[in-house]
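*Asks:* Got a structure for you, written out below as structure tokens; questions coming shortly.
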Amino acid sequence: MVARIGCLRGIDTLTGFALAVEIGDWERFTGASIGAYLGLVPSESSSGQSRSQGPITKTGNSHARRLLVEAAWHHRKRYRAGATIQARWQRAPAAARARGHLGNQRLNQRWTTFIAHHKRPVVANVAIARELAGWCWSLATLPD
């Protein structure tokens, strides 16, 4: 599992191992629900017709949340498969390599969109971390 998660930028052996230990059974989540488990979804205050979103909830596992937020910064720079990521890809199955490549492209494209829309970098990074959690889930639950 650590080799499959390591196909994403910002997640090497130590981070992948820590995520695997902290989350445990990945099968109990879906790609959409893992962000809520980690507290990476916005809080909400609703009354009648009005709905206001606030900062992230910060519920759940703070260590895993911090690891994903730190890893999300790696997706800001232009994506190209360098020697480091290709070496990690060699340890993973072919399906995980392809899925990791798609995830890396998607997350970098999301950063580009956020920058084009003049979003604050820290807010954009948490959004990327939420999506990165979903990509980690898809790689962790990928059958061998």
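*Asks:* Quick one: if you stick a label point 7 Å off each Cα along the C-beta vector at residue 113 and residue 63, how many nm between them?
*Replies:* 3.3
*Asks:* Could you let me know the centre-to-centre spacing of the range 17-68 and the range 94-144, using Cα atoms, in angstrom?
*Replies:* 15
*Asks:* Right, here's the next one. With a cut-off of 8 Å between alpha carbons and a minimum separation of six or more residues, what is the relative contact order of the chain in percent?
*Replies:* Over the chain, the number comes to 37 percent.
*Asks:* May I pose another question? First compute the accessible area of the chain with a 1.4 Å probe, then give the percent of it belonging to carbon and sulfur atoms.
*Replies:* 55
*Asks:* Something else: With a 1.4 Å probe and every protein chain left in place, work out the accessible area per residue of the chain in Å², rounded to a whole number.
*Replies:* It amounts to 55 Å² per residue over the chain.
*Asks:* Right, here's the next one. Suppose each label sits 7 Å from its Cα in the direction of the beta carbon; what would the residue 13-residue 91 distance come out to in nanometres?
*Replies:* For residue 13 paired with residue 91, the spin-label model returns 0.5 nm.
*Asks:* How much length is gained if the chain between residue 77 and residue 105 is pulled fully straight, taking 0.36 nm per residue apart and subtracting their Cα-Cα distance, in nm to one decimal?
*Replies:* Result: 9.0 nm gained on full extension.
*Asks:* Further question: For the chain, what is the largest minus smallest coordinate of the Cα atoms on each principal axis, given in angstrom and ordered from greatest to least?
*Replies:* 53, 35, 22
*Asks:* According to a simple spin-label model (label point 7 Å from Cα along Cα-to-Cβ), what is the distance in nm between residue 120 and residue 44?
*Replies:* Going by the 7 Å Cα→Cβ label model, 2.2 nm.
The values are calculated or read from the model by the stated rules, or taken from the named source; none is laboratory data. Quantities reported herein were computed from a predicted structural model and do not represent experimental measurements. Cβ sites come from the backbone with ideal geometry, for glycine too, and all protein chains shown count toward neighbours. All accessible areas refer to the heavy atoms of the entire protein, side chains included, with ligands and DNA or RNA removed. Shrake-Rupley method; radii C 1.70, N 1.55, O 1.52, S 1.80 Å.
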